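Undergrad: The structure's right below; bear with me while I get my questions together.
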Amino acid sequence: MHVVGQVRRPGVIELRAGTRVDDAIAAAGGATTKADLAQVNLARLAVDGEQIIVPKEGEAGTAAPAPQSPGASGVGPGGGGQLVDLNSADQATLETLPGVGPVLAQRIIEWRTDNGRFASVEDLNAVSGIGEKIFAQLAPKVRV
């Protein structure tokens, strides 16, 4: 599982089958003092390959999609027509998008950090470095 957001040690963790979200958060060092655990179903069974997002207070919770099949990443513009969620995608996932390298991926994350959640895909136009051409490539591959 990939645990991100308001946890002490975000990252990929390995746990046994049948693990609950609460166990995954504990394995990631536990929630920070800024975490809003009321938005997370701690009793839900975690699914191999999913991303668990722990929002901070005042942030809207985001349910990351679980993988469609074993070995699937659960995010990405590739096979299956899955869209990348601008509000939860990490740097590596953003870099899979057309026209997005490490610098632009970091700018997207910084915009999200500075301005809050993307309210619409069109908010990408406010990110430095995204012009008409890149926006046209990204729009059909992302969601909020």
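Undergrad: Is there any pair linking a residue in the stretch 103-116 that is over 11 Å from SER128 (Cα atoms) to one that is among the polar types (S, T, N, Q) and not in a helix (DSSP H, G or I), with Cβ under 7 Å and at least six apart or on different chains, and which?
TA: Sorted first by the residue in the stretch 103-116, then by its partner, the pairs are ARG112/ASN87.
Undergrad: Moving to a separate point now. Condition first: farther than 26 Å from GLY116 by Cα, touching a residue at least 24 places away in the same chain (Cβ under 8 Å), in a loop (DSSP other than H, G, I, E, B) and of a type in the set (Lys, Arg). Can you find one or more residues in the stretch 33-44 that meet it?
TA: Yes, the stretch 33-44 has at least one match.
Undergrad: A further question on this structure: Select from the stretch 88-144 the residues that are hydroxyl-bearing (Ser, Thr, Tyr) and open to solvent by less than 40 Å² (accessible area, probe 1.4 Å) and list them in ascending order. Walk me through it before giving the result.
TA: Narrowing the stretch 88-144 to residues hydroxyl-bearing (Ser, Thr, Tyr): 88, 93, 96, 113, 120, 128.
Residues satisfying the conditions are SER88, THR93, SER120.
Undergrad: Run down GLY5, GLY18 and say which single residue is closer than 26 Å to ARG112 by Cα, of a type in the set (Gly, Ala, Ser) and either modelled with pLDDT of 85 or more or surrounded by fewer than 16 Cβ atoms within 10 Å (Cβ to Cβ) (or both).
TA: On the way: GLY18 fails: closer than 26 Å to ARG112 by Cα.
The unique qualifying residue is GLY5.
The values are calculated or read from the model by the stated rules, or taken from the named source; none is laboratory data. Only a predicted model underlies this, so the values are computations on that prediction, with no experimental measurement involved. All Cβ positions, even for glycine, are placed from backbone atoms using ideal geometry, and neighbour counts span all protein chains on display. Note: areas computed on protein heavy atoms with side chains; ligands, DNA, RNA excluded. Shrake-Rupley method; radii C 1.70, N 1.55, O 1.52, S 1.80 Å.
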